[in-house]
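Here the structure comes first, spelled out in structure tokens, and everything after it is commentary.
FYI, it's all coordinate maths here, none of it is from the lab. Because the structure is a prediction, the values reported are computed rather than measured. Don't worry about glycine lacking a Cβ; one is built from the backbone with ideal geometry, like all the others, and counts go over all protein chains shown.
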Amino acid sequence: MVLQRDMDLPVWGGGKKGDQVAVEFVGVSKTTEVDETGKWMVKLGSFPAGGPHEMKITQGATSPGFKLLKKFLDHFSSFQFISYSK
């Protein structure tokens, strides 16, 4: 996946109302809650060119948001999913 450098990086998805979502990328962590419409979004800030990097998204109290992450990454055909772990 290729991201625009030096621009705010929005990450969004859907889930169960009230679930907590955490996104980690290049040492930056943001959390939010799924809203009443089942959507969430965080802005991670801007980053210089570089990589490769790993993005971790978790949803709910203990379970990773694997389906959520896959849905997000399916929009980027150049992304290669390497591994998944709890």
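With a simple spin-label model that places each label point 7 Å from the Cα along the Cα-to-Cβ direction, the separation between Glu54 and Asp35 comes to 3.2 nm. Full extension of the chain between Lys43 and Met7 yields a length gain of 12.0 nm, computed as 0.36 nm times the residue separation minus the alpha carbon distance. For region 47-52, the Karplus equation 6.51 cos²θ - 1.76 cosθ + 1.60, evaluated at θ = phi - 60°, returns couplings of 9, x, 4, x, x, x Hz by residue, with Gly and Pro reported as x.
Rounded if a/c is under 1.5, else prolate if a/b beats b/c, else oblate: with a ≥ b ≥ c from the C-alpha gyration tensor eigenvalues square-rooted, which is region 1-45? Provide the component values of the computation, followed by the final result.
On the way: a/c = 2.82, a/b = 1.96, b/c = 1.44.
Because a/c hits 1.5 or more and a/b exceeds b/c, region 1-45 counts as prolate.
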